[in-house]
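The block underneath contains the structure these notes are about, expressed in structure tokens.
The values are calculated or read from the model by the stated rules, or taken from the named source; none is laboratory data. As the structure is a computational prediction, the values presented were derived from the model and not from experiment. FYI the Cβ positions are ideal-geometry reconstructions off the backbone, even for glycines, and counts take in every protein chain you see.
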Amino acid sequence: DAKTTQPTSMDCAEGRAANLPCNHSTISGNEYVYWYRQIHSQGPQYIIHGLKNNETNEMASLIITEDRKSSTLILPHATLRDTAVYYCIVRLGTGTASKLTFGTGTRLQVTL
Amino acid sequence: GAVVSQHPSWVICKSGTSVKIECRSLDFQATTMFWYRQFPKQSLMLMATSNEGSKATYEQGVEKDKFLINHASLTLSTLTVTSAHPEDSSFYICSAMGLAGAYEQYFGPGTRLTVT
């Protein structure tokens with residue numbers, strides 16, 4: 001699986017959009033970009049994933065650059081409950097052998 | 001949907017004893033389950049991958065005789081930490097992957113193991 005690079009930490013004011021970047025310059029054509037988050041002492045929570053097109057769901061939006069070497073997770077209106085470690089992971093999208101390899105992630109702190 | 005549970009949520013055991021942790025997919029059938037370990041302030045590390053009815057595949061450096069994994073049904077996998085030592089104290093998390101959708105992985109809430 002391709003490696004990813006994320007900033008160690010970010011701050012965001014409550015109510016503002018949180019934009020979390022991720023670099024994955026060695027991504028291959030059949031690898032997806034996945035985002036998970038982990039709130040303290042809980043299991044990771046799936047947020048969103050995409051291949052090449054931008055994606056949006058009830059939690060967030062995922063913007064993938066045209067060359068697919070980087071992406072941005074957008075939380076449109078961050079709340080205190082969004083404080084967590086966010087993991088950007090690149091992996092094969094299908095098949096039972098496609099495991100998730102977690103990096104160090106970005107620690108997002110949402111403040112009042 | 002896609003709920004994964006773990007039991008127990010926390011456990012304290014004495015050094016030298018064995019501990020079993022259960023991972024269940026509550027509303028879907030999980031053909032594959034994964035076991036992770038997370039030490040304080042560190043990321044999740046994959047320990048092993050188990051497919052229903054077959055032997056688990058362990059990651060490099062993980063002792064298969066110490067961390068016994070059983071995936072006997074499509075909704076249950078167990079991790080047994082044998083002869084536990086204080087260095088095995090950690091947060092153990094399972095995830096389950098089914099056939100629905102794009103093979104998403106859904107994570108359990110984790111089990112905190114403390115070996116004294």
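When B:A2, B:A56, B:A30 are checked against the criterion of being free of Cβ contacts under 8 Å to residues at least 40 places away in the same chain and out of contact with any helix residue (DSSP H, G or I) (no Cβ under 8 Å at 6 or more places or on another chain), B:A56 stands alone in meeting it. Comparison of B:S50, B:S25, B:S89 shows that the only residue that is under 15 Å from B:P109 (Cα atoms), among the hydroxyl-bearing types (S, T, Y) and surrounded by 15 or more Cβ atoms within 10 Å (Cβ to Cβ) is B:S25.
Taking region B:10-116 and the strands (runs of 3 or more DSSP E) fully enclosed by it, the elements with 2 or more residues that are under 20 Å from A:L92 (Cα atoms), in contact with a Pro (Cβ under 9 Å, 6 or more places away or on another chain) and not basic (K, R) are at B:105-107.
Residues are listed down the side, and each one gets a yes or a no for (1) modelled with pLDDT of 95 or more; (2) away from chain B (no Cβ under 12 Å):
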position: A:K3; (1), (2): no, yes
position: A:N23; (1), (2): yes, yes
position: A:T26; (1), (2): no, yes
position: A:A60; (1), (2): yes, yes
position: A:G103; (1), (2): no, no
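Among the residues of region B:47-58, the one identified as over 10 Å from the mean Cα position of the chain (by Cα) and of a type in the set (A, V, I, L, M, F, W, C) is B:A56. A single member of B:G61, B:G98 is under 25 Å from A:I48 (Cα atoms) and over 13 Å from the mean Cα position of the chain (by Cα), and it is B:G98.
Scan region A:62-101 for residues that are charged (D, E, K, R), at negative phi and more than 14 Å from chain B (Cβ to nearest Cβ) and the total you get is 5. Checked against (1) loosely packed, with under 13 Cβ neighbours inside 10 Å; (2) touching a helix residue (DSSP H, G or I) at 6+ places or on another chain (Cβ under 6 Å), B:V81 passes all but condition (1). Of all the residues in region A:1-44, those that are free of Cβ contacts under 8 Å to residues at least 40 places away in the same chain and surrounded by 15 or more Cβ atoms within 10 Å (Cβ to Cβ) number 2. Annotation: of all residues in region B:20-46 being within 8 Å of another protein chain (Cβ to nearest Cβ) and under 13 Å from B:G98 (Cβ atoms), the one that is nearest to the chain's Cα centre (by Cα) is B:F34.
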